[in-house]
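Readers should treat all values here as calculations from the given coordinates under stated rules, not as data from a laboratory. Everything numeric here is computed off the predicted structure, so don't read it as measured data. Note that we place each Cβ from the backbone using ideal geometry, even for glycine, and neighbour counts take in every protein chain shown.
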Amino acid sequence: MSNVLKSKPAYELPFPPLYDKNKVADFFTPNYQEIMANAAEWRNLHKIEPRRKDKHSIALTIIDQQKTFCLADGELSIAPASVSDTSNICEFIYRNMRVISDIILTLDTHYLFQIFHPLFWTDGDGKHPSGFTVVLPGDVGKTIFVNPEMAYVLFGDMKFLPWLQDYVIHYTEELARLGKPPLVVWPVHGRLASPGHAIVPSLQVAVDFHDIARWSRTQYRLKGDLPLSEYYSPFGTEITKAHDGVTVGEESDKAVEDLLKYEALIIAGEAESHCVRAAIYDILKKIKAQDPALAKRVYILEDCTSSVPGFEQQGREAIADFKKAGMNVVDSKTPMQDWPGINPDLFE
């Protein structure tokens with residue numbers, strides 16, 4: 001037994017008593033009194049230092065680990081894979097609590113009337129498309145049409161309908177020109193203030209536990225609320241300009257720059273084929289412009305992300321690109337100090 005204990009890295013912690021792996025698939029209200037009391041007790045028991053004393057910095061960015069994607073009754077659920085991912089993320093946080101400086105959570109945040117939701121579109125009979133409908137440039141105006149009501153809903157005047165019709169043609173063509181995946185009309189999901197918008201409760205408990213034990217404040221980044229572009233990455237929309245130069249999206253270079261200041265940036269979440277993919281491509285774009293060597297600071301938790309069914313190839317191709325660029329794809333259960341290229345000073 002003593003040999004086993006010696007082989008375990010000193011910085012790793014056991015799972016606290018409040019962690020119940022069997023509840024990861026459940027939707028529940030966290031007991032904050034219990035979390036606060038247990039985290040304070042854990043801090044004292046294991047002599048966990050506050051985040052302000054960190055001499056080196058590690059960030060864990062978790063992309064869209066929300067009910068809408070991760071639990072069985074979510075609108076875009078990829079369970080059971082996402083349940084396993086969530087469990088692995090929770091356990092990674094608990095084990096590595098001493099060395100994770102900051103946690104950043106992104107949340108897919110949507111409304112009913114957006115370019116990637118069914119109500120935006122109709123077919124020739126006025127019916128709305130089903131979820132997972134792919135819209136290619138040649139489809140617009142032939143097999144799928146802008147719902148005319150969107151001109152009033154989005155702009156308050158029907159006179160904007162011709163502009164909107166021209167815009168969606170430009171949008172689908174621009175995606176193709178930029179080499180991005182085509183527009184997908186998804187089932188309504190991630191609606192602000194809906195149950196699906198919430199972080200998976202077991203993960204929220206783990207994050208709150210970390211915050212209290214380490215006196216560290218988690219950052220929450222909402223994305224996806226702009227109506228005229230898909231918004232997979234938390235760092236910007238797929239398209240930022242309309243055919244006439246009007247701004248319809250946004251980019252956030254500063255948010256990426258802030259992440260690249262960490263000595264190690266760890267990434268997990270859903271889905272590997274879409275939002276995780278887009279987020280890391282945005283990070284990689286900034287790395288290539290700033291310093292390609294920064295790629296070695298990025299660690300993707302391979303067992304903490306999964307693709308949307310049917311889009312697995314898209315996820316695999318992205319991971320291959322990230323590896324080629326010098327990013328590290330690792331397993332959450334491998335001790336962090338054994339990760340390739342990790343700075344050993346992070347664990348002192």
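Residue order for HIS243, HIS189, HIS110, fewest other beta carbons within 10 angstrom first, comes to HIS243, HIS189, HIS110.
Panel order for THR106, THR240, by other beta carbons found within 10 Å of each beta carbon, from fewest to most: THR240, THR106. Each residue of the range 140-149 was assigned a 3J(HN,Hα) from its phi angle through the Karplus expression (A = 6.51, B = -1.76, C = 1.60, θ = phi - 60°), giving 5, x, 10, 10, 9, 9, 5, 5, x, 5 Hz with x at Gly and Pro.
The label-point distance for ASP26 and ASP123, in a model that sets each label 7 Å from Cα toward Cβ, rounds to 4.2 nm. Taking every alpha-carbon pair under 8 Å whose residues sit at least 6 apart, the chain reaches a relative contact order of 22 percent. Contact order for the range 280-339, expressed relative to its length and based on alpha carbon pairs under 8 Å spaced 6+ residues apart, stands at 43 percent. Couplings 3J(HN,Hα) of the range 13-28, computed from phi: 10, x, 6, x, x, 6, 7, 10, 4, 6, 9, 4, 7, 9, 10, 8 Hz, in residue order, whole Hz [Karplus 6.51 cos²θ - 1.76 cosθ + 1.60, θ = phi - 60°; x for Gly and Pro]. Between GLU263 and GLU317, residue separation times 0.36 nm minus the direct Cα-Cα distance comes to 16.8 nm.
Considering only SER87, SER194, SER233, the mean-square fluctuation computed in a Gaussian network model of the chain, springs between alpha carbons under 10 angstrom, is largest for SER194.
Once the chain from ARG221 to LYS296 is taken as fully extended at 0.36 nm per residue, the excess over their C-alpha distance is 24.6 nm.
Restricting attention to the range 210-348, close to 35% of DSSP beta bridges with both partner residues there are antiparallel.
Report, to the nearest 10°, how far helix 32-45 tilts away from the longest principal axis of the Cα atoms in the chain, using its own Cα long axis and a range of 0 to 90°. Roughly 40 degrees, rounded to the nearest 10. Evaluating 6.51 cos²θ - 1.76 cosθ + 1.60 at θ = phi - 60° for every residue in the range 295-306, the Karplus couplings come out as 4, 5, 7, 9, 10, 9, 7, 4, 8, 10, 7, 9 Hz, glycine and proline recorded as x.
For the chain, the share of DSSP beta bridges that are antiparallel, to the nearest 5, is 25%. Within the straight-line cut-off of under 16 Å between alpha carbons, the lysines reachable from LYS127 are LYS142, sequence neighbours fewer than 8 places apart in one chain being disregarded. For the chain, the longest principal axis of the alpha carbon atoms and the long axis of helix 161-177 meet at an angle near 50°. Step through the table entries LYS67/LYS288; LYS67/LYS180; LYS47/LYS223; LYS67/LYS159; LYS254/LYS296, compare each Cα-Cα distance with 29 Å, and write down the pairs that go over it. From LYS67/LYS288; LYS67/LYS180; LYS47/LYS223; LYS67/LYS159; LYS254/LYS296, over 29 Å: LYS67/LYS288; LYS47/LYS223; LYS67/LYS159. Sequence-distant contacts, meaning Cα pairs under 8 Å at least 6 residues apart, place the relative contact order of the range 214-348 at 19 percent. Charges were assigned to the Cβ only: +1 to each Lys and Arg, -1 to each Asp and Glu. The resulting dipole of the chain about its Cα centre is roughly 1060 debye.
Where (i) -0.52, -0.87; (ii) -0.43, -0.81; (iii) -0.69, -1.02 are the candidate values, the label of the one calculated here for log10 I(q)/I(0) by the Debye sum over Cα atoms at q = 0.09, 0.12 Å⁻¹ is (i).
Mean-square fluctuations from a GNM of the chain, with a 10 angstrom spring cutoff on Cα atoms, peak among ASP125, ASP244, ASP64 at ASP125. A Förster distance of 25 Å, applied to the separation of the beta-carbon atoms of LYS142 and TRP163, puts the FRET efficiency at 0.80. The range 216-266 and the range 195-214 have Cα centres separated by 22 Å.
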